[in-house]
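One structure is given below, encoded as structure tokens.
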Amino acid sequence: MEKKYKALIVDDEPLARNIVKSYLQKWDEIEILEECANGFEALKAIKTHQPDVMFLDIQMPKVSGLELMEVIDEPIQVIFTTAYDQYALKAFELNAIDYLLKPFNEKRFGDAVQKVISRLGSGNDTNYEKIVQMQDQAEDLLERIVVKNGNKLEVIALEQVLYFEAQDDYVMIHCESSRYLKSKTMKYFEDHLPKEKFVRIHRSYIVNAEKIKRLEAYNKDTQLAIINDNYKLKVSRTGQKKLKDILDF
């Protein structure tokens, strides 16, 4: 029997989902399990169906396609379908499965599907890590942070963040009433957060400068950034110089 591969279509535009669905009618090897209009629906569908391939839009409201890829653990082959070309070159440089720039025709779509079927048939690894690299290497600054909390997605506004703390290969994101562990590096956040608000004050901390109430002496080379009674962060000498340019005290 011919092997069938399970697929999800993830796009916030119904017309775009319908085009992918219609093009896939000729491909008996691909079985569409579900259509998703956003990243929240997609994460739930991924947990339910464990698909082999996902046709994924990048620019979606609330949670982008790349933000979704950051929080899934399941191995999935991805074909991007998007109207934005800013990631196209990087996608090809990293050998992502394919990048379909809307509007794409049926032949172009078929080439991408054939490529993913060949990859799945040969048992090659997914392109997940390379897709995450696209996000890491993007020059855009973060406007929000997407995390997985249990089986759900949560979107954290930057204004909610008190500080970021290094945790081995992860970063702990501290907010007023909660904290979240993210599989990223401190350098990633240092490079992608707005520098007028978020300052690397220590090798272990990046702080939201707007949340600092005052600075106190700790020892000859170190100060403490006081956020509240529960959060007092060490500030290195280099961090002190950075804060001077931002804070009025």
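The values are calculated or read from the model by the stated rules, or taken from the named source; none is laboratory data. Predicted model, so just to flag it, every value in this text is computed and none were measured. Positions of Cβ are generated from backbone atoms using ideal geometry, with glycine treated the same way; all protein chains shown enter the neighbour counts. These accessible areas exclude ligands, DNA and RNA; they are computed on the full protein's heavy atoms, side chains included. Shrake-Rupley method; radii C 1.70, N 1.55, O 1.52, S 1.80 Å.
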Using a Gaussian network model on the chain with a 10 Å cutoff between Cα atoms, which of Gly239, Gly150, Gly121 fluctuates the most?
Gly150
Would any residue of region 179-204 have its amide N under 14 Å from a label point 7 Å out along Cα→Cβ of Asn230? List them or say none.
179-180
Taking a ≥ b ≥ c as the square roots of the eigenvalues of the Cα gyration tensor of region 6-116, is the shape rounded (a/c under 1.5), prolate (a/b larger than b/c) or oblate?
rounded
Mean accessible surface per residue for the chain, computed with a 1.4 Å probe while every protein chain stays in place, in Å²
54 Å²
Listed residues Leu215, Tyr205, Phe164: farthest to the positive end of the dipole of the chain (Cβ charges):
Leu215
MRE, 222 nm, helices only [DSSP H, n ≥ 4, -39500 (n - 2.57), over the chain, to nearest 500]
-9000 deg cm²/dmol
Quick one: pull the percent of accessible area on the chain belonging to carbon and sulfur, 1.4 Å probe, ligands and nucleic acids left out.
45 percent
Just how large is the dipole of region 131-249 about the Cα centre, in debye to the nearest 20, putting +1 at every Lys and Arg Cβ and -1 at every Asp and Glu Cβ?
400 debye
Using 1/(1 + (r/R0)^6) with R0 = 25 angstrom and r between the beta carbons of Gln240 and Asp140, what's the FRET efficiency to the nearest 0.05?
0.30
Residue of Asn149, Asn228, Asn219 that the Gaussian network model of the chain assigns the largest fluctuation, springs spanning Cα pairs under 10 Å
Asn219
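Show me the GluC sites (Glu not before Pro) within region 2-52 that DSSP assigns to loop and that have at most 11 other Cβ atoms within 10 Å of their Cβ. Could you put the intermediate results ahead of the total?
Details: sites: Glu2, Glu29, Glu31, Glu34, Glu35, Glu41; in loops: Glu2, Glu29.
Here the GluC sites (Glu not before Pro) that fit, given the DSSP loop and packing criteria, are Glu2.
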Taking the Cα centre as origin and putting +1 on Lys and Arg beta-carbons and -1 on Asp and Glu beta-carbons, what dipole magnitude results for the chain, to the nearest 20 debye?
840 debye
May I ask which residue of Leu15, Pro103, Phe189 lies farthest towards the positive end of the charge dipole of the chain, with charges of +1 (Lys, Arg) and -1 (Asp, Glu) on Cβ and the Cα centre as origin?
Phe189
Shape call, the chain: gyration tensor on alpha carbons, a/c limit 1.5:
prolate
Just reorder Asp73, Asp98 by solvent-accessible area, largest first, 1.4 Å probe, all chains present.
Asp73, Asp98
Which residues qualify? For Lys184, with a placed amide H closer than 5 Å and at least 5 residues away or on another chain, they are Val171
Only sites in a loop by DSSP and with at most 14 other Cβ atoms within 10 Å count here; which trypsin sites (Lys or Arg not before Pro) in region 1-92 make the cut?
Lys3, Lys4, Lys62
The chain, relative contact order [Cα under 8 Å, separation at least 6], %
11 percent
Report the one residue of Ile76, Gly39, Gln240 whose Cα lies farthest in the direction of the positive end of the charge dipole of the chain (charges on C-beta: Lys and Arg +1, Asp and Glu -1; origin at the Cα centre).
Gln240
What does the charge count around Lys197 come to, taking other residues whose C-beta lies under 13 Å from its C-beta (Lys +1, Arg +1, Asp -1, Glu -1)?
-2
Those GluC sites (Glu not before Pro) in region 117-193 that DSSP places in a loop and that have at most 15 other beta carbons within 10 Å
Glu139, Glu143, Glu176
Mind pulling the angle between the C-alpha long axis of helix 14-23 and the longest principal axis of the chain? Nearest 10 degrees, somewhere in 0 to 90.
40 degrees
Using the Cα gyration tensor of region 1-57, with a ≥ b ≥ c the square roots of its eigenvalues, what is the shape: rounded (a/c below 1.5), prolate (a/b larger than b/c) or oblate (neither)?
oblate
Given a Förster distance of 41 Å, report the FRET efficiency between Leu33 and Val132 from their Cβ-Cβ distance, rounded to the nearest 0.05.
0.95
